[in-house]
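Let me begin by presenting the structure, written as structure tokens, before commenting on it.
We did not get these values from a lab; they are worked out from the coordinates using the rules stated. Everything numeric here is computed off the predicted structure, so don't read it as measured data. Cβ placement follows ideal geometry from the backbone for every residue including glycine, while neighbour counts extend to all protein chains displayed.
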Amino acid sequence: MSVSGDLPDLYIGGAWVHSSDGGKRELINPADGSVVAVVDEATSDDAARAVAAARATFDEGSWPATPVSERAALLTRIADLLVRDKELLARIETDDTGKTLVESRVDIDDVVSVFRYYAELIAVSSDRLVDVGDPTVISRVVREPIGVCVLIAPWNYPLLQISWKIAPALAAGCTMVAKPSEVTPLSTIAFVRLAEEAGVPPGVLNLVQGSGAVLGAALTDTDDVDLISFTGGLATGRRIAEIAARRVTKAAVELGGKNPHIVFADAEWESSVDQVLTGVFLHSGQVCSSGTRLIVEESIADDFVAELAKRAAKIKFGNGLDPASETGPLVSEQHREKVEAYVALGISEGAKLVVGGERPADPTLATGSFYPPTIFDRCDRTMRIVTEETFGPILTVERFTTEDEAIMLGNDTEYGLAAGVRTSDAARGERVVRALRHGTVWLNDFGYYTAAAEWGGFKKSGNGRELGPAGLAEYQEMKHIWHNTTPKPAGWFKGD
Ligand code: NDP
């Protein structure tokens, strides 16, 4: 299956084009190793042309000044087309990433809600009047599009992550170059075709895909870009932030997480067991907000871990197209090897392997990049398996005896993306969620988010915010306009 057959896959200045050097990339279905599609692989020159197209469209085109109602209408049309093509897009996402079709459908629903949310928000966004104490002066702060945006997304939630950027950027009146991960570009290619159908003006939304290492400099190391919005790993984010700092380009980086899920002894048992499992093993742990660190009260720890292990062993993993599959494979063979290295590291560090830890023996899974849910008990914070993002189906277990210790452990990470707290004591729950230094904290729930609430990290999980009003503000500059309706001399210099 291919998204576009032999059609070109790069979209620059309103035209679909092949790579300038004819380069192609085979995309592999991680569930069975088959070739899903062959797509154009952009060169650095292609990326530079895409930036130039976005620059010219912003500087010379009408999009930045397009009435808000028209921009909102475009976002709504995109949302409607996403609904129309939901099944196709979900199928593409599953083929490309391996995630189950059910998960892919949820992703597309979320993408729709992001476009609808920003269509509504931009329509009601207003300027701020400032009283300067002089009735002849109209002083107001207006928001204008920040300019040319480069939008770089990872492979775990390809369309979802890039939609968190494209929707507010379009709403704000920016022009942009989207760069999905080289591993999973298919849903973004399909999306851009759909956005074109919805009427995105030429040059407003440009698309290049290919290796980040090859395209990175053309996309980020240039004064033609006003904002880089990046979601991905810490090492890449740091590199981009360094380039941006040198050029004084605004950079919003959304990075990884090493997210604690704290369970007190009085927590409701059934939902806690269920959500600790879902929180870490959904999408085989390839989730930035995955609850990979279970921090559980000592008095229930043995029973709790035993129950988790029993249920983890029963999680059905398989081809995402099979309705019986509860989770899919890892995104690639290369990524599976990285996860396996972490499992070996955990064993060598002395963590107690409770379940998982070996490739599945089932011959029907032999051609896919599958890895089973894996739990390590008796972990502590000196272990790299506890401190580093493994981005796979690995749960580590630490134990605590006091509330202060639980908070200390929950904050003992260089990251600060997300955390969960489970207790039936509401006052304690409120104390702990306020003490945790993470961008999202769930109390007696895990993993939920909404387009209307900001998403982002403390500490090394990043420096920007997506979703919510702040997710739109990232794409806007504020301008203070001072209008004197009755001009008169300032009278500072007397002239005598
Ligand atoms: P990477 O940092 O490897 O890549 C992210 C994106 O950056 C990809 O499109 C990649 O392209 C591109 N890239 C790589 N090198 C450069 C460069 N030098 N210049 C510009 N772009 C570059 O991350 P992964 O794709 O492996 O994604 C997993 C990471 O993303 C995890 O750390 C995860 O926690 C994080 N993440 C964070 C989220 C959040 O909301 N905070 C949400 C989802 C994921 P290519 O793939 O083509 O190399």
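Farthest towards the positive end of the charge dipole of the chain, among the residues GLY291, ALA435, LEU277, is the Cα of ALA435, using unit charges on the Cβ of Lys, Arg, Asp and Glu. In order along the range 241-255, phi translates into HN-Hα couplings of 5, 5, 4, 5, 5, 4, 8, 6, 9, 5, 10, 10, 10, 10, 10 Hz, rounded to whole numbers, per the Karplus curve 6.51 cos²θ - 1.76 cosθ + 1.60 with θ = phi - 60° and x for Gly and Pro. Counted by neighbouring Cβ atoms within 10 Å, the residues TYR342, TYR117, TYR371 run from fewest to most as TYR342, TYR117, TYR371.
Taking θ as phi - 60° and the Karplus parameters 6.51, -1.76 and 1.60, the scalar couplings of the range 50-67 work out to 5, 5, 5, 5, 5, 5, 5, 5, 6, 6, 10, x, 9, 4, x, 9, 4, x Hz in sequence order, x denoting glycine and proline.
Pairs over the 30 Å Cα-Cα cut-off, from the set LYS316/LYS338; LYS86/LYS316; LYS86/LYS479; LYS24/LYS165: LYS86/LYS479. Basic side chains Lys and Arg get +1 at the Cβ, acidic Asp and Glu get -1 at the Cβ, and with that the dipole of the chain about its Cα centre reaches some 880 debye. Between the Cα long axis of helix 86-97 and the first principal axis of the chain there is an angle of about 60°, rounded to the nearest 10. Spin-label pair ALA265-ASP303: with each label point 7 Å from Cα along the Cα-Cβ axis, the two points sit 1.0 nm from one another. Dipole orientation for the chain: of the candidates GLY23, LEU409, TYR371, LEU409 has the Cα lying most toward the positive pole (charges on Cβ; Lys, Arg +1; Asp, Glu -1). Amide H contacts for VAL130 (H built 1.01 Å from N in the peptide plane; partners 5 or more residues away or on another chain; cut-off under 5 Å): SER139, ARG140, VAL141. Note on ASN411 and ALA341: the extension gain reaches 22.6 nm, defined as 0.36 nm multiplied by sequence separation minus the Cα-Cα distance. If R0 equals 51 Å, the separation of the Cβ atoms of ALA490 and ALA452 corresponds to a calculated FRET efficiency of about 0.65.
Per-residue Cβ neighbour counts within 10 Å put HIS438, HIS483 in the sequence HIS483, HIS438, beginning with the fewest. A simple charge model with +1 on the Cβ of Lys and Arg, -1 on the Cβ of Asp and Glu and nothing else charged puts the dipole of the range 160-225 at about 200 debye relative to its Cα centre. Computed from backbone phi with θ = phi - 60° and the Karplus coefficients 6.51, -1.76 and 1.60, the 3J(HN,Hα) list for the range 36-46 is 7, 6, 10, 10, 5, 10, 5, 9, 4, 5, 4 Hz; x is used for glycine and proline. Between the range 268-339 and the range 77-138, how many Å separate their Cα centres? Using only Cα atoms to place each centre, the spacing works out to 29 Å.
Using only side-chain charges placed at the Cβ, +1 for Lys and Arg and -1 for Asp and Glu, the dipole size of the range 6-82 relative to its Cα centre rounds to 280 debye. Close amide H partners of VAL355, meaning residues 5 or more places away or on another chain with modelled amide H under 5 Å apart, are ILE375.
Ranked for footprinting exposure by Cβ neighbours inside 10 Å, fewest first, PHE230, PHE264 give PHE264, PHE230. For ASN206, the amide hydrogen comes within under 5 Å of the amide hydrogens of MET176, VAL177, ALA178, counting only partners 5 or more places away or on other chains and with H modelled in the peptide plane. Projecting the Cα atoms of ALA351, ILE243, PHE304 onto the dipole axis of the range 226-360, where Lys and Arg carry +1 and Asp and Glu carry -1 at the beta carbon, places ILE243 farthest toward the positive end.
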